[in-house]
Amino acid sequence: MFHIFQYRPLRLITQNSLSSMCLKLMLSRPVAFAQIWKSWFSSHSLLGNKNIILMGPPGAGKTTIGRIVGQKLDCPVIDIDDDVLETSWNMSVSEKLQDVGYEEFLEEEGKALLNFSASGSVISLSGSNPMHAAGMQHVKKNGIVVYLDVPTTVIMSRLKSMAVDRIVGLSAGNSLKDILQFRKPFYKRWYDVRVFCGEDIAAEVVAEKVLDAVKRYQDSELETFISTRSSRSGRSMEKDSHKYFSDIVIQGLAPDGGLFVPERRLPKFTAGEWQGLIEATYIERAEVILERCIHPADIPASKLAEIIGTAYGENFSCSKVAPVRHLAGNQFLLELFHGPTASFKDFALQLMPHLFASCIPRSCNYLILVATSGDTGSAVLDGFSRLHDTDKQRIAVMNFFPEDGVSPIQKSQMIGCQKENAWSVGVKSDFDFCQTAIKQIFTNSDFTGFLTVEYGTALAAANSINWARLLPQIVYHASAYLDLIHQGIIPFGSPVDICIPTGNFGNILAAFYAKMMGIPIRKCICASNENNVLTDFIRTGVYDLRGRKLIPTFSSAVDILKSSNLERYLHLIANEDGQLVTQLFNQLENQGHFQLRKDLLEKLQQDLVAGWCSEEDCLAAIHSVYSTTGYILDTHTAVAKVVADRLQDRTCPIIISSTAHYSKFAPAILRALRIAEINQNPLSQLHLLSSYSALPPIHWGLLETLKKTGKGDHQVCAADMSVLMHHIETLIQNHFMKVF
């Protein structure tokens, strides 16, 4: 008999017990809740004869695969159509459908499911079973629901060859494709794990995938995270060094100052799985990719799908979410500015707040701290302000930005995005100070302990140092490649280069992760502005901040000298040598420089190339592209365009990440377009740009935010740690104490 453990996050079952434990847990270890939940389950799991329940559209192969899985496990196999429905009705399914009609058939089928019970079996549902809520709730109680997700094109081909004529809902007014699309939300409501069957592969292979998926569902211990600065010997000796996804979303920065990374690296997709996503929407691609990276014990798959649908649905102005547009020659633009705040940061920050709210205990308060060089601030403020009201009462955001280091429109946007749980503070310094200050605050145990004891509030991070910020960015790099295939530009397997304006190294690292997961990216091209410390490092292996001062540029979001996410990449190519990473970054902190070993530099240069762009060349590129194509690049995309022109060898397509909408940088754009007189009012600048009727149009969300800004105000403070900590404490007093 086959026994299955059914794992679910403890917060979904014992919420009341967490309330009394919350403050005590926060005092001892504020964010290790996931480990406590999983430890609880290891000793209290319900043992029993659970079922494996195969669900999917008609033609997904549920019956055949169910038989193979049953044979492998030596357990009973039950086909709902053949063994339950036809037996109880004493007629075939097609005869029953013809006899009672579509709606009555669903009801009769649901009743049969409610009267059915089994244990220790493999059960193949009918294609329409998931459309009956009560019936599905009944069978789901005693098993793991495995969704066989087969591309619609494959299903239609199979059904045509099988001459199937008994699809529930098929009539003169409904096409087969319409019915398959209509049913997808019902499947997504019920599944515990998804088995994505990318191409028309053998049933034996799918059966192995089912067993692997069930094993993964059972064993969350396999998917843990470690710090980039932890040693191998330390990890083996300290069980507590292992963290789960729900831990690191909350914690952000590791206690030793390092960044969290998956201990077993990211999953790799087969070529067939990627090809199966070519026809998929952006949301569907995101679901498949992120489900493989986030264990269902942390966030159940059906809940994750709901979060993804919310994040990338109506909040984005383009139905394709991240469209790829041909620019010229072999250059393509990945447009990442169709979200509500007009930058690529929206891809992570429309998603992350919901992930965060799903991972934290209901009875605890959290203050999100974020430092921004421009785009992150408004994206964080907007994302967390879209949470449900109950979540906004326990989750607040404080955004620090260089008061004189962002564009006027970016500043207006950050002021306009302030809400009842989200505030901006301008700091009289640069981004590097803001980012370093936040890291120091997180590692200041006296201060964080004081906030916990005095106010019952823990701190968390929303910068790209948080893994939940980085993970969603992998999706759009993979999606861009799939779009080129869908458009007929290249066949699957042909390589592409990717060029990204780079400051904190998060976006380009996400592209490298997409490559590790199976996307054929040849080179990741790092494009710097005049703050070209990364370009120098990639070319020489020497990271040197001595004598460097930050240069304010038109591309302010990459005005960064200390690239936080570089640490994750170096940890990867150094074979997870945390001691070496610690040594390098301690040396950078204390001496202002470090140098890579020759073997590591050679590895790095196999993956990365780099170049930089002057301010003059940036503006010239904007003018040139507009003159020849009618398309306006933003300043960051222009930096990448200049570097791509210099470094590409034209033997394959190059995808340039267009990381922000040009209207966020109106003064620089108007200057590039050689407008003599520029009104200093941001709204007037946007109206002037809109008169050009350029592509893409003025960003809708930005225009609306600026209209609402009016005389909005924000706090400004000195570049002093004690002053920043005072602002944090005051916000906590004003928000959380008022709520309670």
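Treating r as the C-beta distance of H138 and S614 and R0 as 56 Å, the FRET efficiency rounds to 0.25.
Taking only protein heavy atoms and a 1.4 Å probe, what accessible area per residue, in Å², does the chain have with all protein chains in place?
Solvent-accessible surface per residue comes out at 38 Å².
Classify region 51-218 as rounded, prolate or oblate from the Cα gyration tensor: take a ≥ b ≥ c as the square roots of its eigenvalues, call it rounded if a/c is under 1.5, otherwise prolate when a/b beats b/c and oblate if not. The shape class here is oblate. Considering only DSSP beta bridges where both residues belong to the chain, give the percentage that are antiparallel (nearest 5). That works out to approximately 20 percent antiparallel.
For region 51-56, 3J(HN,Hα) computed residue by residue from phi via the Karplus equation (6.51, -1.76, 1.60; θ = phi - 60°) reads 9, 9, 10, 8, 10, x Hz, glycine and proline entered as x.
Using the Cα gyration tensor of region 258-310, with a ≥ b ≥ c the square roots of its eigenvalues, what is the shape: rounded (a/c below 1.5), prolate (a/b larger than b/c) or oblate (neither)? It is oblate, given that a/c is not under 1.5 and a/b is not larger than b/c. Our summary gives region 98-138 a relative contact order of 49 percent, counting only alpha carbon pairs under 8 angstrom and 6 or more residues apart.
Using C-alpha pairs under 8 Å with a sequence gap of at least 6, the mean separation divided by the residue count of region 51-218 gives a relative contact order of 35 percent. Share of carbon and sulfur in the accessible area of region 281-351 stands at 52%, probe radius 1.4 Å. Length available on full extension from S117 to R522: 0.36 nm per residue minus the Cα-Cα distance, which gives 140.5 nm. Accessible area ranking (1.4 Å probe, heavy atoms, ligands and nucleic acids excluded), largest first, for R522, R546: R546, R522. Counting only DSSP H runs of at least 4 residues, each contributing -39500 (n - 2.57), and dividing by the residue count of the chain, the helix-based mean residue ellipticity at 222 nm comes to -14500 deg cm²/dmol. Database remark: amide H of V195 closer than 5 angstrom to the amide H of Y147, L148, D149 (H placed geometrically; neighbours at sequence offset of 5 or more, or on other chains; Pro and chain starts carry no H).
With R₀ set to 30 Å, the beta-carbon distance separating T443 from V723 gives a calculated FRET efficiency near 0.95. Across region 451-460, computed HN-Hα scalar couplings (Karplus, 6.51 cos²θ - 1.76 cosθ + 1.60, θ = phi - 60°) run 5, 5, 5, 6, 10, x, 10, 10, 9, 9 Hz from first to last residue, x flagging Gly and Pro. Accessible area of region 500-550 with a 1.4 Å probe: how many percent of it is carbon plus sulfur? After summing per-atom areas, the C and S share lands at 50 percent. Counting only Cβ charges, +1 for Lys and Arg and -1 for Asp and Glu, the dipole size of region 548-642 around its Cα centre is about 120 debye.
Heavy-atom accessible area for H623, with the other protein chains in place and a 1.4 Å probe, reaches approximately 50 Å². V453 label point, 7 Å along Cα→Cβ, cut-off 19 Å on backbone N: hits in region 342-378? Within reach of a label on V453: 365. Largest first, the residues L97, L484 sort by 1.4 Å accessible area into L97, L484.
Phi-derived couplings, Karplus 6.51 cos²θ - 1.76 cosθ + 1.60 at θ = phi - 60°, listed residue by residue for region 199-205: 10, 7, 9, 5, 4, 4, 5 Hz, with x used for Gly and Pro. Given a 1.4 Å probe and the protein chains as shown, T502 ends up with an accessible area of around 10 Å². In terms of its C-alpha gyration tensor, region 514-564 has a prolate overall shape, because the principal axis ratio a/c (a ≥ b ≥ c, square roots of the eigenvalues) is not below 1.5 and a/b outweighs b/c.
Here the gap between Q606 and T310, fully extended at 0.36 nm per residue and compared with their Cα-Cα distance, gives a gain of 102.7 nm. Size of the chain: Rg and Dmax of its alpha carbons, in Å, are 26.8, 86. Report the FRET efficiency, 1/(1 + (r/R0)^6), for R325 and R265, where r is their Cβ-Cβ distance and R0 is 41 Å, rounded to 0.05. The computed FRET efficiency comes out at 0.80. Here the accessible area is traced with a 1.4 Å probe on the protein chains. For region 592-740, carbon and sulfur cover 52 percent of it. Between N590 and A676, the modelled label-to-label distance comes to 6.0 nm, taking each label 7 Å out from Cα in the direction of the beta carbon.
Taking the Cα centre of the chain as reference, the dipole from Cβ charges on Lys and Arg (+1) and Asp and Glu (-1) amounts to some 740 debye. In the complete set of protein chains, residue-level accessible area for M516 is approximately 50 Å², probe 1.4 angstrom. Contact order for the chain, expressed relative to its length and based on alpha carbon pairs under 8 Å spaced 6+ residues apart, stands at 13 percent. For the peptides 195-201, 210-216, the ranking by packing is 195-201, 210-216, with the highest mean count of neighbouring Cβ atoms within 10 Å listed first. Taking amide hydrogens as placed 1.01 Å from N in the peptide plane, the amide H of D404 sits under 5 Å from those of S429, each at least 5 positions away in sequence or on another chain. Computed extension gain for K598 through L222, at 0.36 nm per residue and net of the alpha carbon distance, reaches 132.0 nm.
Of the residues E279, E291, the one with the largest accessible area comes first in the ranking E279, E291, computed with a 1.4 Å probe on protein heavy atoms. Of the residues N531, V214, N142, the one whose Cα sits farthest toward the positive end of the charge dipole of the chain, with +1 on the Cβ of Lys and Arg and -1 on the Cβ of Asp and Glu, is N531.
The values are calculated or read from the model by the stated rules, or taken from the named source; none is laboratory data. These figures come from a predicted structure and were not determined experimentally. Virtual Cβ from ideal backbone geometry, glycine too; neighbours counted across all protein chains shown. All accessible areas refer to the heavy atoms of the entire protein, side chains included, with ligands and DNA or RNA removed. Shrake-Rupley method; radii C 1.70, N 1.55, O 1.52, S 1.80 Å.
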